[in-house]
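Visitor: My structure is below; once you've seen it, I'll send some questions.
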Amino acid sequence: MNLGVIMAGFGGQGVMSMGQVVCYAGLAEGKEVSWLPSYGPEMRGGTANCAVVVSDAPVGSPLVARPDAVIIMNRPSLEKFEAALKPGGLLVINSSLCDKEPSRRDVRVVKVAATDLANDLGDIRVANMVALGAFLAACPVVKPDSIVDALKKNLPPHHQKLIPLNKLALERGAEAAAGQL
Amino acid sequence: MGQRVLMKGNEALAEAAVRAGCRFFFGYPITPQNEIPEYMSRRLPEVGGTFIQAESELAAINMVYGAAGAGARAMTSSSSPGVSLKQEGISYMAAAELPGVVVNMVRGGPGLGGIQPAQSDYYQATRGGGHGDYRTIVFGPATVQEGVDVMSKAFELADKYRTPVVILGDGMMGQMMEPVSLPEPLELAKLPLKPWATTGAKGRRPNIINSLFLDAEECEKHNLALQAKYDIIQATEQMAEIAFPDSDWFVVAYGTTARICREAIQEARAQGLSVGMVRPITLWPFPVNAFEKVVERAKGFLTVEMSLGQMVDDVRLAVNGRCPVRFFGRTGGMVPSDEEVLAEIEKMVEGRTR
């Protein structure tokens, strides 16, 4: 197994932490991982993305030029990354903030209203975990439990209280994806 | 070695330096290496060390000169334009025979350039960089783990040869996160003594650290002594990895570029092409011995760099006309893709059979 994922959205949507938490979970499961952020002159509200590799063997290039999966948190990211996705790859789209239909017909598409579902949970900031839950339901590269454990291990003490909410967000995402698999 | 933890390249290198006994860090901010000074500003006070954000790169490297002269393990880090500014100080350190470590997380140049990864400071790093007849030991690690490993080695060799050592990374290595095992911290008390250091002359003759030799005869003598030291380094400190040594063709790459090439080589081998890799880990001394192991059977070399062709000169010198040496590179912050490298490998192999 060697899976390259790109996660992309606006700065502030948590795409960087979404990638990191997958790496922490993969490492805890004994897998090889890498995380590479875009580090241009980004700012809150600008676009941000990271490339994550989870593999059984040591990671070659941390750059993911041809991703196996792409998690799209907003419309500009769909326009930027749809074409790069491998044929047969997985496209997870946050349909709350991306009304555009994907043009690719040779990929699996999972739509999840991540921002709306996060709002329903009472905190828009867990939209990333909703999208991640949908992604993991379609592509179980790490266990959702490992994600929760990684959050427990890496969130600072004053954020530990957010773990149940994040767990719920992961579950909502998985439920939203379930009908589309 | 401890448990594997996920760390950003910049932070892992900083922690590795602390564990290698570095107690003084002097720097000035520049992307994409700011996590190094940021980490050091928090970490060094915990171990009784000192972090100073200097007023400039020049000040920072001269503070390294001072701390090294007093016998401490000291370092600075920067990225390309900042490292250009440090060259005067590095030349003075080489002349005064002071140990120290300089990390360069290379970005696209020349001039202010950009902030994306590059390898276009290879000439500067491996040819001395500043004025005068000197070299610095240069490491080009390919993974965050290897960056951690060469950091210990960098401080060790800096002290052993009393010379500045450069770690040449790039923006990608600095910014990416990978699992690493960190070494146990060195005990400062167990490090070899530095009888040459300016530690206060009580009860002994004063030590003098200087790089001024107004008498030309003296200056030449000093240069010859430095050269003798560089000859020993060249003979004994080369490091390289050879992948698939019984191949017909070889890709030569260092640092993160080597990782992209490794993927291209895997694809080429899956197609039945006989392709291996020579991956320099020390860029100076250039690992000519590794080339000697494969050059007689090699039909050709392809050097891949994030520059328009700098290390390729050293490859040509090592190969010395015994077979063709090709080059492929992207520059200015662009990163070669494995598909591009594979296409170049195919061209090399086809060129031979045509």
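Visitor: For A:HIS158, B:HIS222, give me the order by solvent-accessible area with a 1.4 Å probe, most accessible first, ignoring ligands, DNA and RNA.
Guide: A:HIS158, B:HIS222
Visitor: Please list, in chain and number order, the residues 5+ apart from B:GLY114 or on another chain whose amide H is under 5 Å from its amide H, with Hs placed from the backbone.
Guide: Under 5 Å from the amide H of B:GLY114 lie the amide H atoms of B:GLY108, B:GLY109, each far enough along the sequence or on another chain.
Visitor: Explain nothing, just compute: Karplus ³J(HN,Hα) = 6.51 cos²θ - 1.76 cosθ + 1.60, θ = phi - 60°, for every residue of region B:121-128 in order, whole Hz, x for Gly and Pro.
Guide: Karplus values, whole Hz, x for Gly and Pro: 9, 4, 4, 4, 6, 8, 9, x.
Visitor: Suppose every K and R has +1 on its Cβ and every D and E has -1 on its Cβ; what is the size of the dipole of the protein assembly as shown about the Cα centre, in Debye to the nearest 20?
Guide: The dipole of the protein assembly as shown has a size of about 460 debye.
Visitor: Tell me the relative contact order for chain B as a rounded percent, counting alpha carbon contacts under 8 Å between residues six or more apart.
Guide: Relative contact order for chain B comes out at 18 percent.
Visitor: Give me the lysines in straight-line cross-link reach of A:LYS100: C-alpha distance below 16 Å, same-chain residues under 8 apart excluded.
Guide: Qualifying lysines at Cα under 16 Å: A:LYS80, A:LYS111.
Visitor: Please calculate the 1.4 Å probe accessible area of B:GLU55, with all protein chains present, and give it to the nearest 10 Å².
Guide: Solvent-accessible area, nearest 10 Å²: 140 Å².
Visitor: Place +1 on the Cβ of every Lys and Arg and -1 on the Cβ of every Asp and Glu in chain B, take the dipole about the Cα centre, and give the residue among B:THR76, B:ILE345, B:THR143 whose Cα lies farthest towards its positive end.
Guide: Sorting the options by dipole projection puts first B:THR76.
Visitor: Based on a Kirkwood Rh over C-alpha pairs, give the Stokes-Einstein translational diffusion coefficient of region B:4-236 at 20 °C and viscosity 1.002 mPa s in µm²/s.
Guide: 121 µm²/s
Visitor: As a test, work out the antiparallel percent of DSSP beta bridges whose residues both lie in region B:4-236, rounded to the nearest 5.
Guide: 25 percent
Visitor: Could you work out the helix-only [θ] at 222 nm for chain B, with each DSSP H run of four or more residues adding -39,500 (n - 2.57) and the total divided by the number of residues, to the nearest 500 deg cm²/dmol?
Guide: -12500 deg cm²/dmol
Visitor: Then there is this: Between the helical axis of B:9-19 and the dominant principal axis of chain B, each derived from Cα atoms, what acute angle in degrees is found, rounded to the nearest 10?
Guide: With both axes taken from Cα atoms, the answer is about 40 degrees.
Visitor: For region B:317-327, what does the Karplus curve 6.51 cos²θ - 1.76 cosθ + 1.60, with θ = phi - 60°, yield as ³J(HN,Hα) per residue in whole Hz, taken in order and with x for Gly and Pro?
Guide: Result, rounded to whole Hz: 5, 5, 6, 6, x, 6, 7, x, 10, 9, 9.
Visitor: Could you give each residue of region B:337-350 its phi-based ³J(HN,Hα) in whole Hz, using Karplus coefficients 6.51, -1.76, 1.60 with θ = phi - 60°, and x for Gly or Pro?
Guide: Ordered by residue, 3J(HN,Hα) equals 8, 5, 5, 4, 5, 4, 4, 5, 4, 4, 4, 4, 5, 5 Hz.
Visitor: Once you order the gyration tensor axes a ≥ b ≥ c over the Cα atoms, which shape class does region A:2-178 get: rounded for a/c under 1.5, otherwise prolate or oblate by comparing a/b with b/c?
Guide: Details: a/c = 1.36, a/b = 1.09, b/c = 1.25.
In terms of gyration-tensor shape, rounded.
Visitor: Now, a different point. For B:HIS131, what accessible surface area do you get with a 1.4 Å probe? Give it in Å², rounded to 10.
Guide: It works out to around 110 Å².
Visitor: Take the alpha carbon gyration tensor of the protein assembly as shown, find the square roots of its eigenvalues, order them as a ≥ b ≥ c, and report rounded if a/c is under 1.5; if not, report prolate when a/b exceeds b/c, else oblate.
Guide: Oblate.
Visitor: Rounded to the nearest 10 degrees, what's the angle between the helix B:255-270 long axis and the longest principal axis of chain B, both from Cα atoms, 0 to 90?
Guide: The answer is roughly 20 degrees.
Visitor: Another one. Return one number: the angle in degrees, 0 to 90 and rounded to the nearest 10, between the long axis of the Cα atoms of helix B:87-96 and the longest principal axis of the Cα atoms of chain B.
Guide: Taking Cα atoms only, the helix is inclined about 60 degrees.
Visitor: If you don't mind, another one. Using the structure shown, select from B:LYS86/B:LYS221; A:LYS31/A:LYS143; B:LYS160/B:LYS194; B:LYS86/B:LYS229; B:LYS153/B:LYS229; B:LYS153/B:LYS194 the pairs with a Cα to Cα distance greater than 20 angstrom.
Guide: B:LYS86/B:LYS221; B:LYS86/B:LYS229
Visitor: While we're on this one: Which cross-chain or sequence-distant (5 or more) residues have an amide H under 5 Å from the amide H of B:ILE137, H modelled 1.01 Å from N in plane?
Guide: B:VAL166
The values are calculated or read from the model by the stated rules, or taken from the named source; none is laboratory data. The model shown is predicted, which means the values in this text are computed figures rather than measured ones. Heads up, the Cβs are rebuilt from the backbone with ideal geometry, glycines too, and the neighbour counts pull from every protein chain shown. What goes into the accessible areas is simple: the full protein's heavy atoms, side chains included, and nothing from ligands, DNA or RNA. Shrake-Rupley method; radii C 1.70, N 1.55, O 1.52, S 1.80 Å.
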